[in-house]
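Written below as structure tokens is the structure these notes are about.
Each reported figure results from applying straightforward, stated rules to the coordinates on display, with no laboratory input. Computed from a predicted model, the values in this text were never measured in an experiment. Counting neighbours? That spans all protein chains shown, and the Cβs are built from the backbone with ideal geometry, glycine included.
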Amino acid sequence: MPETETYADLHADATTVLSRWTATSPAAAANRDRTLALLAAGPVAMSRAHRPGHVTASALVLDPAGDRVLLCLHGKFRKWVQLGGHCEPGDRTLAAAALREATEESGIAGLVVDPTPIDVDIHPVSCQGGSLHYDVRFAVLAPAGATERVSAESEALGWFPPDRLPEPLADGTVQLVAPALATLARRTAD
């Protein structure tokens, strides 16, 4: 199956979600617009093989009270970062991709993703000899008593108070805290 067909549903979801999304900051709005321009290339923009850049999905995992966030010490670049990564051909939505990545990387069953993005960030990566990740980020809620398990992609996992994140912290991770906590507050009020 050609890659454009493999990622067709995910591409359609990404285009719809980002077109309708009210950005959480001016930087996120600019990155959303740049990501929509990338998506004009078609479904191939969802694949890591697309050298000009590709859409990825990540998740800031919160405990039920919002007292802690789960971060991983990334094995490749040795910084603390939210969970996430490349979209896969079986992913139907960006939110599902973020949830899959969070589940795989944390080992926690029963995670719940909020389908509204909390941020979009664009950053350089080493994929394909040098590319860009157009990372769409979501808030993910862990069940009470969740116990994490380190995956092959991380050196460590840790729960941290939102106002005391570890160092070294990846660029862009701290900007996820406020919109993720706002998402939790909105879900709790509903």
For this session: Count the DSSP beta bridges whose two residues both fall in the chain, then state the antiparallel fraction as a percent rounded to the nearest 5.
Result: 70
Exercise. Toward the positive end of the charge dipole of segment 36-166, about the Cα centre and with charges on Cβ (Lys, Arg +1; Asp, Glu -1), which of Pro124, Leu99, Val81 goes farthest?
Worked result: Pro124
Exercise. Dipole size in debye (nearest 20) for the chain around its Cα centre, Lys and Arg Cβ +1, Asp and Glu Cβ -1?
Worked result: 240
Seminar exercise, completed: Here segment 84-90 yields Karplus 3J(HN,Hα) values (6.51, -1.76, 1.60; θ = phi - 60°; whole Hz; Gly and Pro given as x) of x, x, 5, 6, 10, x, x
For this session: May I ask you to give the average projected area over all directions of the convex hull of the Cα atoms of segment 104-154, in nm² rounded to one decimal?
Result: 4.6
Problem set entry | For segment 114-120, 3J(HN,Hα) per residue [Karplus equation, 6.51 cos²θ - 1.76 cosθ + 1.60, θ = phi - 60°, Hz, x = Gly/Pro] | 7, x, 9, x, 10, 5, 9
Problem set entry | Mean Cα-pair separation over length for the chain, i.e. relative contact order, pairs under 8 Å, 6 or more apart, % | 25
Seminar exercise, completed: If each part is reduced to its alpha-carbon centroid, segment 104-164 and segment 14-87 end up apart, in Å, by 10
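So how strong a dipole does segment 130-175 carry about its Cα centre when Lys and Arg Cβ are +1 and Asp and Glu Cβ are -1, to the nearest 20 debye?
Roughly 160 debye, rounded to the nearest 20.
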Problem set entry | Estimated vicinal HN-Hα couplings, Hz - segment 176-188 in sequence order (Karplus 6.51, -1.76, 1.60; Gly, Pro = x) | 7, 4, 4, x, 5, 5, 5, 5, 4, 4, 5, 5, 5
Problem set entry | Cβ-placed point charges (K, R +1; D, E -1), dipole of segment 1-114 about Cα centre in debye, nearest 20 | 460
Problem set entry | Under 5 Å, built H, 5+ apart or other chain: amide partners of Gly53 | Leu132
Exercise. Who wins for biggest fluctuation among Arg32, Arg78, Arg48 in a Gaussian network model of the chain, springs between alpha carbons below 10 Å?
Worked result: Arg78
Problem set entry | 222 nm mean residue ellipticity, helices alone, for the chain (DSSP H n ≥ 4; -39,500 (n - 2.57); rounded to 500) | -9000 deg cm²/dmol
Problem set entry | Within a Gaussian network of the chain (alpha carbon springs, distance under 10 Å), most fluctuating of Glu101, Glu167, Glu153 | Glu167
For this session: Compare Ser106, Ser131, Ser47 in a GNM of the chain, Cα atoms joined below 10 Å, and give the one with the largest fluctuation.
Result: Ser131
